[in-house]
Amino acid sequence: MRWIQVWLATVVTTAVLVGSVTDAQAVVRAGVDVRWMPVALEDTKLEEVELGGSQRQLESLGAGARLMLGFDAFAIGAKVNIARHTFADPDLSYTQVDTNLQARFILPSTRLALYVEAGPSIALDLASTGYNAGIGAEVDVLGWPLVDLNLGIGAQYARVPVNAGPGLERINEGLRAIVYVGFDFSM
């Protein structure tokens, strides 16, 4: 509980400091996105044995939602991603949920933002908890003050344990490319 208080104090202090030196309009940023993960460099192993049929299929899709505090120049908050990873062997396909801390920085005098995020990952079949970290860039194509239409690209490294039967976990680990479209709403 103590770390949550420290985290919130840090977020508010950072937002106030960054916001005081910019022409900030928003304090709360909420957003949703739809993501496509067409390619990846990843391994699927069961007890240190690499499994065949782990070639990613083009229909690997997902969605995300974020709630952030801060201003246009800098915001920090929570991000939840859900993705269905589809492979050539349907038995290897799984759904992943990430609960991340995300920081977003906008480059001065542009509509280009960079972000970093990291946090725990689980597969919906409830094996043990893994982790993920991601980076990316997004551009606001509308340029409106309170609504952003973001087109973005990113990369995510993830290590996700997947339930493979009684007492067994299959480990999916690797680097994924992400292309996405999203909306942000600022208040």
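The values are calculated or read from the model by the stated rules, or taken from the named source; none is laboratory data. Only a predicted model underlies this, so the values are computations on that prediction, with no experimental measurement involved. Glycine gets a Cβ as well: all are built from the backbone with ideal geometry, and neighbour counts include every protein chain shown. What goes into the accessible areas is simple: the full protein's heavy atoms, side chains included, and nothing from ligands, DNA or RNA. Shrake-Rupley method; radii C 1.70, N 1.55, O 1.52, S 1.80 Å.
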Sort 79, 45 by accessible area with a 1.4 Å probe, largest first.
-> 45, 79
What helix-only [θ] at 222 nm does the chain give? Using -39500 (n - 2.57) per DSSP H run of at least 4, over all residues, to the nearest 500, the answer is -3500 deg cm²/dmol
Residues with amide H under 5 Å from that of residue 51, placed H, sequence gap 5 or more | 44, 45, 46
Rounded to the nearest 0.05, what FRET efficiency do residue 50 and residue 151 give with R0 = 30 Å and r taken as the Cβ-Cβ distance? Could you check?
-> 0.30
For region 76-187: accessible area per residue (Å², 1.4 Å) = 46
If the chain between residue 89 and residue 101 were fully extended at 0.36 nm per residue, the gain over the current Cα-Cα distance would be 1.1 nm
Summed residue charge, Cβ within 15 Å of residue 152's Cβ, Lys/Arg positive, Asp/Glu negative | +1
Using a 1.4 angstrom probe on heavy atoms only, work out the carbon and sulfur share of the accessible area of the chain in %.
-> 70
Which stretch or stretches of region 84-111 have amide N atoms under 15 Å from the point lying 7 Å from residue 34's Cα along the Cα→Cβ direction?
-> 84
What is the local net charge at residue 77, summed over the other residues whose Cβ is closer than 9 Å to its Cβ (Lys, Arg +1; Asp, Glu -1)?
-> +4
Can you tell me the order of 64-74, 84-94 when each peptide is scored by its average per-residue count of other Cβ atoms within 10 angstrom, highest first?
-> 64-74, 84-94
Note: residue 112 to residue 82 extended length (0.36 nm per residue) minus current alpha-carbon separation gives 8.4 nm
